[in-house]
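Participant: Here it is, the structure, as structure tokens.
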Amino acid sequence: MTDRTESRIVPDSKAATVKSTAHTAQLATADEGRSASLPQRDTKPFSLLGVTWTDPSARVTGTVEVRTRSAESGKWTTWLQLDGDSGQDESGAARGGTEPAWVGVSDGVEVRTRSGAGTSTGLPAGLRLDMVDPGSSRATGIEPAAFAVEESTQPKPSEAPSDSVEPSQSSSAPETNPGSETPTEPATSEPPAPSESPGDSPSPSDSPSVTVSPTPTVSVPSAPASTAPQPPITLRADWGADESISPEQPDYLPGEKIKAVVVHHTAESNSYTCDQAPEVVRGIYAYHVKQLGWKDLGYNFLVDKCGTVYEGRKGGIDRPVMGAHAYGFNSETTGISVLGTYTDAAPSQAAMLSVARIAAWKLGQYGADPAGTTTLTAGANGGNYFGKAWAKGTQLSFPTVHAHRDSYNTQCPGDAFYAQLGTLRSWTAGPVTGLKITSLTGVGVSGSTYYTKASVTVNWSATTPASLISRYELLVDGKLTATTAATATSANATLAVGPHKISVRAIHQSGKTATSATATVIAETTRPTFTTEPSLALRTGTVNATAVPLTLKWKATDNAALKHVRLTAPSAKTYGPTTSSAAHTAKSAVATAWEMTAYDQAGNTASASVSGTPVILQETAATRSGTWSTRSSGSYLGGKSYSSVSKNASLTWTFTGRSAAWVVSRATSSGQAYVYVDGVKAATVDLKSTTTKYRDAIWTKSWTTSTKHTIKIVVVGTNGRPTITTDGLVYLK
């Protein structure tokens with residue numbers, strides 16, 4: 001695959017280095033060297049601190065805790081536990097030390113440390129607190145690029161020791177080390193070299209300087225193309241690195257090949273702002289170089305919580321630079337550290353994403369599989385956080401992307417970050433995960449099959465972030481139909497008539513592909529049909545002049561899949577594909593058109609309609625025989641009705657229509673009646689009701705066409721309840 005390198009961040013031509021300052025204070029030891037402390041006191045402003053000791057090969061087996069006072073609010077923080085060993089591997093280091101901690105601008109400090117319970121080992125000798133002010137602004141072009149320090153001198157016999165850390169009001173007397181005859185050492189910006197004697201210390205008038213031994217010219221290895229694109233990187237000059245404090249030439253991996261990525265956190269506060277991140281990087285740089293005596297910043301790359309990537313150790317971001325980040329394994333790895341501590345909270349997605357992109361780019365230069373394993377050779381005796389030990393020269397298998405704790409006895413990069421390494425490897429290596437079609441628009445669906453006339457919009461999602469994806473491809477029947485950007489979540493396709501299989505393919509920046517499950521889409525243009533045209537019929541129910549109950553019937557089908565049928569007039573209603581009738585009402589004596597449209601799942605339509613006029617015939621319009629009496633009430637149609645108890649009394653209506661309904665009043669004393677249609681007995685109807693009802697359409701009859709008919713009702717004369725009360729006849733024309 002060709003190298004798709006993105007433009008890296010180019011330093012501003014006006015950018016200059018930034019001054020950093022540091023001051024230190026010796027810790028007072030007690031309990032036969034098993035504890036040490038620095039009482040609460042005022043200090044000059046600083047933003048990053050760490051505890052260091054004389055022997056760079058020693059480590060603290062107990063706890064190192066600090067708390068600081070905010071220069072802005074004046075409030076003291078809770079106790080912050082420092083990682084007891086920086087865990088780095090830098091030849092020629094002057095001191096050992098904890099990981100540095102970013103605490104924000106502070107002007108007060110307190111330290112306490114103690115050996116671990118159950119161990120006979122005391123604390124390392126020469127414990128001191130190192131405080132760094134990384135500087136908050138760029139130096140101008142005329143300002144010197146230097147690491148400004150508060151120099152220390154050995155006091156004359158007549159002078160008392162002087163500490164650069166100012167005691168607080170509660171500690172007005174000079175402090176001595178409890179349990180020790182030695183007073184607290186005067187503050188110094190950096191440890192003396194092993195061969196340095198009191199007489200070699202600079203005088204107050206001396207300027208800080210760096211002595212560099214001649215170094216042979218380093219052979220710079222090539223920068224091979226990567227299978228993954230290079231993410232944007234803030235170069236050293238752009239974050240204000242003072243190159244004068246680390247003038248030595250870089251070292252490169254002996255095999256000129258990166259075999260693994262080691263993931264770190266800087267084990268400090270997460271409360272920094274992203275604008276402060278360059279200061280944090282400068283603080284770590286100053287701590288590593290000036291306080292611990294390393295040749296350069298230990299990590300190859302650093303990432304802040306907003307996802308900005310910073311060049312760490314110099315030598316070329318695209319070269320196999322050897323860092324000082326993984327004891328015994330620096331010669332085959334590159335180190336990426338996220339600013340902050342991630343024991344309880346995982347890094348932000350932006351930070352995780354940048355780590356994945358850097359890891360993919362660097363490993364892609366050398367053909368290493370980020371999801372696989374690699375064999376590394378231990379450069380020193382060692383062991384890891386999980387209790388596994390090994391001897392120098394042992395060949396060990398590690399995940400290609402692994403945590404610092406996998407190869408060293410440290411909590412780094414924190415439990416919460418460690419739990420995310422599976423996700424990190426997946427993002428780095430590919431393929432795209434969680435790819436699925438979420439929906440299709442411009443279509444109908446029946447079961448698991450989609451229908452369209454021709455065009456469809458396919459929508460999808462994936463769990464892999466877009467910046468790790470090269471592109472998406474829309475496939476129709478396995479063939480490429482459309483290509484979109486990695487940020488896209490939809491694409492359109494126009495389909496030929498017939499069934500199709502649609503899927504989405506995602507191409508990871510590594511070139512690996514993932515394809516979603518397919519969706520079946522049928523393109524069809526055949527309209528639905530009304531196999532039974534809409535029709536109207538009167539139904540039972542309460543009759544009003546403005547609401548005559550009737551039933552609308554129809555039947556619609558489709559060659560593929562009927563979606564629904566909509567009634568559009570005289571009212572709006574939507575019915576499912578299996579519904580074929582519905583109850584409605586209509587105004588009496590008003591011609592009404594009932595219009596319907598059938599829709600299939602593809603969006604094809606067909607329309608049909610029927611018209612009808614309900615007509616109310618009062619009882620006075622009937623031909624009478626026998627005895628009938630008139631009743632008056634506002635509950636009756638027209639205010640009146642006929643009632644009879646005479647056996648064989650009858651009423652006959654003649655009309656031309658296609659449906660009829662007999663309307664009556666009902667009660668517990670109501671009797672029975674015979675109904676004759678066109679001279680033929682059609683039914684015996686019992687009007688008895690447990691509740692009183694008026695204008696009740698109790699019996700109906702319908703025909704396929706509108707023709708002339710007669711309806712005759714005859715009083716049965718039911719024993720004990722002979723009365724029937726009729727309120728007229730309704731017919732539909």
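The values are calculated or read from the model by the stated rules, or taken from the named source; none is laboratory data. What you see is a predicted model; the values in this text were computed from it and never measured. For neighbour counting, all protein chains shown are included, and Cβ atoms are generated from backbone atoms with ideal geometry for every residue, glycine included. These area figures cover heavy atoms from the full protein model, side chains too; ligands, DNA and RNA do not enter into them. Shrake-Rupley method; radii C 1.70, N 1.55, O 1.52, S 1.80 Å.
Participant: If you stretched the chain out fully between SER136 and LYS257, how much longer would it get, using 0.36 nm times the residue separation minus the C-alpha to C-alpha distance?
Facilitator: Length gained, SER136 through LYS257: 39.9 nm.
Participant: Treat each spin label as a single point 7 Å out from the Cα along the C-beta direction, and report the THR568 to THR684 distance in nm.
Facilitator: 5.0
Participant: Report, in listed order, any pair from LYS587/LYS712; LYS259/LYS479; LYS453/LYS501 with a Cα-Cα distance greater than 27 Å.
Facilitator: Flagged as over cut-off: LYS259/LYS479.
Participant: Ignoring ligands, DNA and RNA, what percent of the accessible area of the stretch 396-480 is carbon or sulfur (1.4 Å)? Could you put the intermediate results ahead of the total?
Facilitator: Working: 1460 of 3100 Å².
Answer for the stretch 396-480 is 47 percent, counting heavy atoms of protein chains only.
Participant: With a 1.4 Å probe and all protein chains kept in place, how do MET131, MET322 rank by accessible area, largest first?
Facilitator: MET322, MET131
Participant: Please work out the Cα center distance from the stretch 474-505 to the stretch 359-382, rounded to the nearest Å.
Facilitator: Spelled out, the Cα-based centre of one part sits 38 Å from the other.
Participant: Scan the chain and note any complete DSSP helix (H) whose C-alpha atoms cover at least 18 Å along its axis and whose Kyte-Doolittle average is 0.0 or more. Provide the component values of the computation, followed by the final result.
Facilitator: Working: long enough: 349-364 (22 Å, 0.82).
Qualifying helices: 349-364.
Participant: Something else about it: Could you check the simple spin-label distance between THR542 and VAL610, using points 7 Å along Cα→Cβ, in nm with one decimal?
Facilitator: 2.6
Participant: Okay, moving on. How many angstrom lie between the C-alpha centres of the stretch 19-41 and the stretch 625-659?
Facilitator: Cα centres, the stretch 19-41 to the stretch 625-659: 114 Å.
Participant: Within the stretch 676-693, whose backbone N sits under 20 Å from a point 7 Å along Cα→Cβ of ASN719?
Facilitator: From the stretch 676-693, the list is 684-689.
Participant: Expressed as a whole percentage, what fraction of the accessible surface of the stretch 599-677 belongs to carbon and sulfur atoms when a 1.4 Å probe is rolled over the protein heavy atoms?
Facilitator: On the stretch 599-677, the fraction of accessible area on carbon and sulfur atoms equals 42 percent.
Participant: Also, quick follow-up: Between SER70 and THR377, what FRET efficiency follows from the Cβ-Cβ distance if R0 is 41 Å, with the result rounded to 0.05?
Facilitator: 0.30
Participant: Per-residue ellipticity at 222 nm for the chain, helices alone: DSSP H runs ≥ 4 residues times -39500 (n - 2.57), over residue total, nearest 500 deg cm²/dmol?
Facilitator: -1500 deg cm²/dmol
Participant: Would you kindly give the portion of the calculated P(r) for the stretch 590-733 that falls above 20 Å, as a percent of all Cα pairs?
Facilitator: 50
Participant: With the other protein chains left in place, how much accessible area per residue, in square angstrom, belongs to the stretch 265-417 at a 1.4 angstrom probe?
Facilitator: Accessible area per residue: 28 Å².
Participant: Arranged from highest to lowest average of other beta-carbon atoms within 10 Å per residue, in what order do the peptides 355-363, 712-720, 336-344 appear?
Facilitator: Listed from highest to lowest mean packing, they are 355-363, 336-344, 712-720.
Participant: 5 Å is the cut-off here: which amide hydrogens, built 1.01 Å from N in the peptide plane, fall below it relative to THR433, excluding neighbours closer than 5 in sequence?
Facilitator: Answer set, sorted by chain and number: THR463, THR464.
Participant: Sticking with this structure for a sec: Please find the FRET efficiency linking GLN395 to CYS306, where r is the Cβ-Cβ separation and R0 is fixed at 45 Å, and quote it to the nearest 0.05.
Facilitator: With a Förster radius of 45 Å, E is 0.70.
Participant: Which order do peptides 299-306, 503-510 fall in by mean Cβ count within 10 Å, highest first?
Facilitator: Final packing ranking: 299-306, 503-510.
Participant: Next question, about the same structure. Please compute the length gained on full extension between LYS479 and ASN648, using 0.36 nm multiplied by the number of residues separating them and subtracting their Cα-Cα distance.
Facilitator: Extending this stretch completely gives an extra 52.6 nm.
Participant: Mind running the shape call on the stretch 615-684? Use the C-alpha gyration tensor, a ≥ b ≥ c as the square roots of the eigenvalues: rounded below 1.5 for a/c, prolate if a/b tops b/c, oblate otherwise.
Facilitator: Working: a/c = 1.55, a/b = 1.17, b/c = 1.33.
It is oblate, given that a/c is not under 1.5 and a/b is not larger than b/c.
Participant: Using the C-alpha gyration tensor of the chain, what are the square roots of 5 times its eigenvalues, in whole angstrom, with the largest one first?
Facilitator: 94, 32, 21
Participant: When ranked by the protection proxy of mean other Cβ atoms within 10 Å per residue, highest first, what sequence do the peptides 558-568, 398-408 form? Provide the component values of the computation, followed by the final result.
Facilitator: Numbers: 558-568: 18.8, 398-408: 23.1.
Put in order of decreasing packing, that is 398-408, 558-568.
Participant: May I ask you to compute the full-extension gain from SER271 to THR529, defined as 0.36 nm times their residue separation minus their alpha-carbon distance, rounded to one decimal in nm?
Facilitator: My answer for the length gained is 86.1 nm.
Participant: Counting only heavy atoms of protein chains, what accessible area per residue, in Å², does the stretch 533-653 have with a probe of 1.4 Å?
Facilitator: 46
Participant: Next up: Once you sort the root eigenvalues of the Cα gyration tensor of the stretch 208-366 as a ≥ b ≥ c, which label holds: rounded (a/c under 1.5), prolate (a/b larger than b/c) or oblate (the other case)?
Facilitator: Oblate, because a/c is 1.5 or more while a/b does not exceed b/c.
Participant: Just how far, in whole angstrom, is the stretch 390-416 from the stretch 516-590 if you go by their alpha carbon centroids?
Facilitator: About 71 Å separates the Cα centre of the stretch 516-590 from the one of the stretch 390-416.
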